[in-house]
Amino acid sequence: MSYFSCQRHPDIYEITCKKLKRECDMKEFFRNFYNHPKMLRRLILCFISVCIMRLRVSWLDRLAWGTDPCSTTTLAISAKLGMSLGTFQALFNLILFIIVFWRDKKQIGFGTIFNMFLVGYAYNFMSFLMDELEIDYHFPLINFGENFVLSDLLWNLLFCVILLSVFVFFASIYMSVDLGTAPYDALSVIIANSQKKLSFRIIRILWDIAFTILGFAFGGTVGIVTIIMALTIGPMVTFVGKHIRKYLI
C-alpha cells in the first residue's frame, strides 16, 4: 500500500497495521515455544517435573489432609459432575487457556500444554495403580522406647512433609526451565500485572485462598496441607528456584 493511498484511506492503513501486528505477535508466540537454549534438557525436566508434581496429588488426596487449592476445587467439581479428574481438568484448563491466550501469550509454552493435559490423567493413573496394588495408608506402629510411638498420625504427618518437599523441589525446576506456566498460575500473574497496588505474592495468596474457598463450597477436602500450600508454597517455590536455576540450564 502506497503512502498516498494510506493518506486517502487512513482506516485501511489502520486495519493493515493491526493485521501486521497480529501476524508478528503470532510469529513471536510460536518462536517462544522452542527458541530457548538447551531446549531438549528443558523439555525433559519440564515433563518429569509436571508428572511428579501431579502424581503426588493422588497421594495427598488419599491421606485426606487436603491438597493444593486448584486440585481441591477441580477434584470437588469433577466429583459433583461425575467426571474423571483428567477429563474435567483438561476442559477446565482449556477455558483458562483461552483467557491467558487473549491477555498474555508470553505465559504460554510447552509447560502450559503439559500442565493442561498431564495433570488430571496423571492423577487418574496413580489412583488406578493404587487401587490395583491395594495400597493403604495404615502404617505399622513403631515403638521408640516407652515415651514415643510412631503412630499412624505421625506416619501421615511425615509423609505429608516428604510430599510437600518433593512438590516444592519439582515445582521450582518446572518454573526455572521457563517453558510457560499452567493456565491457573498464569492467570494470577496476569492479574498481578494488571494493577500496581498489590505485589504478586499477595495476589497469589489471595488467588489460592479464593480457590480454596471455592473447593470447600463444592464439598472438597480442605485440610492443613491446603492451608499450607495456599499461604506458603508460592514464596517457597520462588526461593528454592533462585538457588537451583543455575544448576539446571
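Results for (1) of a type in the set (D, E); (2) more than 22 Å from I228 (Cβ to Cβ); (3) at pLDDT 90 or above; (4) touching a Gly at 6+ places or on another chain (Cβ under 9 Å), shown as yes or no for each residue.
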residue: S78; (1), (2), (3), (4): no, yes, yes, yes
residue: L81; (1), (2), (3), (4): no, yes, yes, no
residue: L85; (1), (2), (3), (4): no, no, no, yes
residue: K105; (1), (2), (3), (4): no, yes, no, no
residue: F110; (1), (2), (3), (4): no, yes, no, yes
residue: A122; (1), (2), (3), (4): no, no, no, yes
residue: N143; (1), (2), (3), (4): no, yes, no, no
residue: E146; (1), (2), (3), (4): yes, yes, no, no
residue: F170; (1), (2), (3), (4): no, no, no, no
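Evaluating E28 against the criteria (1) modelled with pLDDT of 85 or more; (2) over 30 Å from L206 (Cα atoms); (3) of a type in the set (D, E) leaves one unmet condition, (1). For V119, the conditions (1) within 12 Å of the chain's Cα centre (by Cα); (2) of a type in the set (V, I, T); (3) farther than 18 Å from T67 by Cβ all hold with the exception of (3). Does F159 count as assigned by TED's automatic domain parsing to the domain that holds W65, in contact (Cβ under 8 Å) with a residue 60 or more places away in the chain, surrounded by fewer than 19 Cβ atoms within 10 Å (Cβ to Cβ) and touching a helix residue (DSSP H, G or I) at 6+ places or on another chain (Cβ under 8 Å)? Criteria met by F159. Determine, yes or no, whether L85 is of a type outside the set (K, R) and either farther than 17 Å from Y174 by Cβ or free of Cβ contacts under 8 Å to residues at least 60 places away in the same chain (or both). Yes. Any residue at all in region 206-214 that's touching a Leu at 6+ places or on another chain (Cβ under 6 Å), at pLDDT 85 or above, surrounded by 12 or more Cβ atoms within 10 Å (Cβ to Cβ) and of a type in the set (A, V, I, L, M, F, W, C)? No: region 206-214 contains no residue that is touching a Leu at 6+ places or on another chain (Cβ under 6 Å), at pLDDT 85 or above, surrounded by 12 or more Cβ atoms within 10 Å (Cβ to Cβ) and of a type in the set (A, V, I, L, M, F, W, C). For the condition at pLDDT below 90, within 20 Å of S127 (Cα to Cα) and either in the same structural domain as V119 (by TED's automatic domain parsing) or not β-branched (V, I, T) (or both), what is the one hit in R41, R56, R22? Only one candidate qualifies: R56.
The values are calculated or read from the model by the stated rules, or taken from the named source; none is laboratory data. Values in this document were obtained by computation on a predicted structure and should not be read as measured data. Cβ: placed from backbone, ideal geometry, glycine included. Neighbour counts: every protein chain shown.
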